[in-house]
């Protein structure tokens, strides 16, 4: 892709995206699908049959499974070949992450190992550090963990008190402190540990080996879900860390932590897809098998509503995840082509899309929570039994709204990053917002007729953007420097941004499918029915319009009054006006396809 066609992070707020430049899941090639299939096969044969043993934390079992995954190459999919990896693209690794999402606690272990455990060394390590550790991490000979959180430092990671002091001979850092909630902590051979050197105000990062004297690992934590994953506290008592194990530069630890978390957030967006599709499969199979009143419960409208909404939220999340993933992928490849190192390209390429990474984490984790909650409801009393598969899915899902920064932090990050980029001149949110506000006394929105489906949907999305820009602009003008303290309003605006990005991504997917159908027909091929996907889009847009209105009105009502308030609310109403949708019949058709297929095939 030409440089001038590259999507910029956050640019969706201002620029109308094009379907022909948007990646959709239907475009994965055969090699990418085969790699994902190898992950699915591993889960099917090695993980799902022994889930109870994994949840019981059978001694050495999780570590053994990671080694098996390493032997099959599943730990090194995106690692360069010179470090025993397969050098696959970011986009391919995301598809593999989705496949791993159905693996419950094992999914957590492998994601922590391949993501936050391995990537800090791969991206920031010296060549010696990478040669020493990465090949063994790629093959599973070593397992990795990421040690950032402390009892007094969670979301405020830089407030950590773990300390490192240079030894008198200058050959070691002496590390003292405590870390908690460390995934893979019970067995990880290699730990990336964050600490402050002497009286530094910011963190540095270190590569620690489990066997070093002074590294003390506490017993496993007892958790609500993901019971099979290892989660421990780790203490560091006068641990001697060779100076060559400083990761990156002194004081660069906080930046390392933030950049790795961007990657973790978007990868979590892909991982929850696998979990959601698995829960939907359990839901529809049970609904088809369970008989009440002499018929399958899948025949009842109330159940069809639940099944359809599970599909809608998953399909929308999938559309959004892979749109953003391809944009990140293209940014990484462009940076490489322009001379950036492997690590630098991946760091900057992902950080460019910090807004999208944060919103995907929120959208995906909350979609999965909906899907598993309704799965339990569809199972009824059986869903509350520990013997059912959805019991585990329900409990395991809850952590995703806390992992990789809480959803509250990520919502705030969406707005904070957008404002920071505006102040730096990278995007012009305020200028566009002023244009929208100045137009309110004229036509507050455009009206779109139903005779052109794509134009109508693009018009709705454009108006959703105008609604968001309007609320952001007037709130910023009203509060000025105090705007940073208005977290409730930031959360409202963030919800508007999340919804419009999800709507646009799904719209682009459906529009591109339509384009692909036309191309197939022109080449003498057969076209696939788009009707069901248009119904998914119609229902989601219809519901999102209300969600965007509610979030915007809540924000405006908190600081406006009188005629100005009425003017803004009237504009918000027009910006979020969409054509009526028969959501009952649309959901029924979506559910009936799922029921007929007896699994997720969208």
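The values are calculated or read from the model by the stated rules, or taken from the named source; none is laboratory data. Since this is a predicted model, take the numbers as computed values, not measurements. No Cβ is skipped: glycine too gets one built from the backbone with ideal geometry, and neighbour counts run over all protein chains shown.
Of all the residues that make up region 471-484, how many are more than 26 Å from the chain's Cα centre (by Cα) and either without any contact (Cβ under 8 Å) to a residue 40 or more places away in the chain or closer than 13 Å to residue 416 by Cα (or both)? I'd like the intermediate steps shown before the answer.
Filtering region 471-484 for residues more than 26 Å from the chain's Cα centre (by Cα) gives 473-483.
Okay, now just the ones that are also either without any contact (Cβ under 8 Å) to a residue 40 or more places away in the chain or closer than 13 Å to residue 416 by Cα (or both), so 476-477, 480-483.
So the count comes out to 6.
Run down 35, 47 and say which single residue is closer than 30 Å to residue 341 by Cβ, part of a helix (DSSP H, G or I), out of contact with any strand residue (DSSP E or B) (no Cβ under 7 Å at 6 or more places or on another chain) and touching a residue at least 40 places away in the same chain (Cβ under 8 Å).
35
If residue 188 satisfies all but one of (1) without any contact (Cβ under 8 Å) to a residue 60 or more places away in the chain; (2) part of a loop (DSSP other than H, G, I, E, B); (3) buried (at least 19 other Cβ atoms within 10 Å of the Cβ), what's the number of the condition it fails?
Of (1) without any contact (Cβ under 8 Å) to a residue 60 or more places away in the chain; (2) part of a loop (DSSP other than H, G, I, E, B); (3) buried (at least 19 other Cβ atoms within 10 Å of the Cβ), only one is false for residue 188: (1).
Look through 457, 462, 512 and report the one residue that is out of contact with any helix residue (DSSP H, G or I) (no Cβ under 7 Å at 6 or more places or on another chain) and either in the same structural domain as residue 579 (by TED's automatic domain parsing) or modelled with pLDDT of 95 or more (or both). Step through it out loud before you land on a result.
Working: 457 fails: out of contact with any helix residue (DSSP H, G or I) (no Cβ under 7 Å at 6 or more places or on another chain); 512 fails: out of contact with any helix residue (DSSP H, G or I) (no Cβ under 7 Å at 6 or more places or on another chain).
Result: 462 is the single residue among 457, 462, 512 that is out of contact with any helix residue (DSSP H, G or I) (no Cβ under 7 Å at 6 or more places or on another chain) and either in the same structural domain as residue 579 (by TED's automatic domain parsing) or modelled with pLDDT of 95 or more (or both).
Quick one: is residue 58 outside the structural domain of residue 194 (by TED's automatic domain parsing), at pLDDT 95 or above and crowded, with 24+ Cβ neighbours inside 10 Å?
Numbers: outside the structural domain of residue 194 (by TED's automatic domain parsing): yes; at pLDDT 95 or above: yes; crowded, with 24+ Cβ neighbours inside 10 Å: no.
Judged against the criteria, residue 58 is not a match.
How many of the residues in region 114-136 are part of a helix (DSSP H, G or I) and within 24 Å of residue 405 (Cβ to Cβ)?
Here is the first cut: in region 114-136, the residues part of a helix (DSSP H, G or I) are 114-117, 119-124, 127-136.
Still in the running and within 24 Å of residue 405 (Cβ to Cβ): 114-117, 119-124.
Matching residues across region 114-136 total 10.
Would you mention how many residues in region 164-185 are out of contact with any helix residue (DSSP H, G or I) (no Cβ under 8 Å at 6 or more places or on another chain) and either in a strand (DSSP E or B) or closer than 23 Å to residue 226 by Cα (or both)?
Looking only at region 164-185, we keep the residues that are out of contact with any helix residue (DSSP H, G or I) (no Cβ under 8 Å at 6 or more places or on another chain), and these are 164-165, 167-169, 174-182, 185.
Still in the running and either in a strand (DSSP E or B) or closer than 23 Å to residue 226 by Cα (or both): 164-165, 174-182, 185.
Number satisfying all stated conditions: 12.
One residue is enough: does region 512-529 have a residue meeting the conditions under 19 Å from residue 365 (Cα atoms) and either more than 28 Å from the chain's Cα centre (by Cα) or assigned to a helix (DSSP H, G or I) (or both)?
Of all residues in region 512-529, those under 19 Å from residue 365 (Cα atoms) come to none.
Looking for residues that are under 19 Å from residue 365 (Cα atoms) and either more than 28 Å from the chain's Cα centre (by Cα) or assigned to a helix (DSSP H, G or I) (or both), one finds none in region 512-529, hence no.
Just checking: which of the helices (runs of 4 or more DSSP H) contained wholly in region 283-402 hold 3 or more residues that are under 14 Å from the mean Cα position of the chain (by Cα), within 24 Å of residue 181 (Cβ to Cβ) and touching a residue at least 40 places away in the same chain (Cβ under 8 Å)?
Working: elements: 301-337, 342-351, 354-379, 389-397.
Per the criteria, 354-379.
Could you go through region 116-124 and let me know if any residue there is surrounded by fewer than 24 Cβ atoms within 10 Å (Cβ to Cβ) and over 19 Å from residue 244 (Cα atoms).
No; the residues of region 116-124 include none that is surrounded by fewer than 24 Cβ atoms within 10 Å (Cβ to Cβ) and over 19 Å from residue 244 (Cα atoms).
Could you please give the count of residues in region 87-113 that are surrounded by fewer than 24 Cβ atoms within 10 Å (Cβ to Cβ), touching a residue at least 24 places away in the same chain (Cβ under 8 Å) and not in a helix (DSSP H, G or I)?
Looking only at that region, the number is 2.
State whether one or more residues within region 558-572 are in contact (Cβ under 8 Å) with a residue 40 or more places away in the chain and closer than 20 Å to residue 320 by Cα.
Step one: filter region 558-572 for residues in contact (Cβ under 8 Å) with a residue 40 or more places away in the chain, giving 558-560, 567-568, 570-572.
Still in the list and also closer than 20 Å to residue 320 by Cα: none.
No: region 558-572 contains no residue that is in contact (Cβ under 8 Å) with a residue 40 or more places away in the chain and closer than 20 Å to residue 320 by Cα.
For region 162-185: of the residues being within 30 Å of residue 106 (Cβ to Cβ) and in contact (Cβ under 8 Å) with a residue 60 or more places away in the chain, which is surrounded by the most Cβ atoms within 10 Å (Cβ to Cβ)?
As a first pass, look at region 162-185 and keep what is within 30 Å of residue 106 (Cβ to Cβ): 162, 177-185.
With in contact (Cβ under 8 Å) with a residue 60 or more places away in the chain added as a condition, the list becomes 162, 183-184.
Numbers: 162: 21, 183: 25, 184: 28.
The selected residue is 184.
Identify all residues within region 234-256 that are touching a helix residue (DSSP H, G or I) at 6+ places or on another chain (Cβ under 6 Å) and assigned to a helix (DSSP H, G or I); write none if there are none.
Listed by number, the residues that qualify are 254, 256.
Would you confirm, using the coordinates I've provided, whether residue 505 is surrounded by 24 or more Cβ atoms within 10 Å (Cβ to Cβ), out of contact with any strand residue (DSSP E or B) (no Cβ under 7 Å at 6 or more places or on another chain) and either in a helix (DSSP H, G or I) or on the phi < 0 side of the Ramachandran plot (or both)?
Details: surrounded by 24 or more Cβ atoms within 10 Å (Cβ to Cβ): yes; out of contact with any strand residue (DSSP E or B) (no Cβ under 7 Å at 6 or more places or on another chain): yes; either in a helix (DSSP H, G or I) or on the phi < 0 side of the Ramachandran plot (or both): yes.
Criteria met by residue 505.
Any idea which of 159, 155 is out of contact with any strand residue (DSSP E or B) (no Cβ under 9 Å at 6 or more places or on another chain), modelled with pLDDT under 95, under 30 Å from residue 397 (Cα atoms) and surrounded by fewer than 20 Cβ atoms within 10 Å (Cβ to Cβ)?
On the way: 159 fails: out of contact with any strand residue (DSSP E or B) (no Cβ under 9 Å at 6 or more places or on another chain).
One residue alone meets the criteria, 155.
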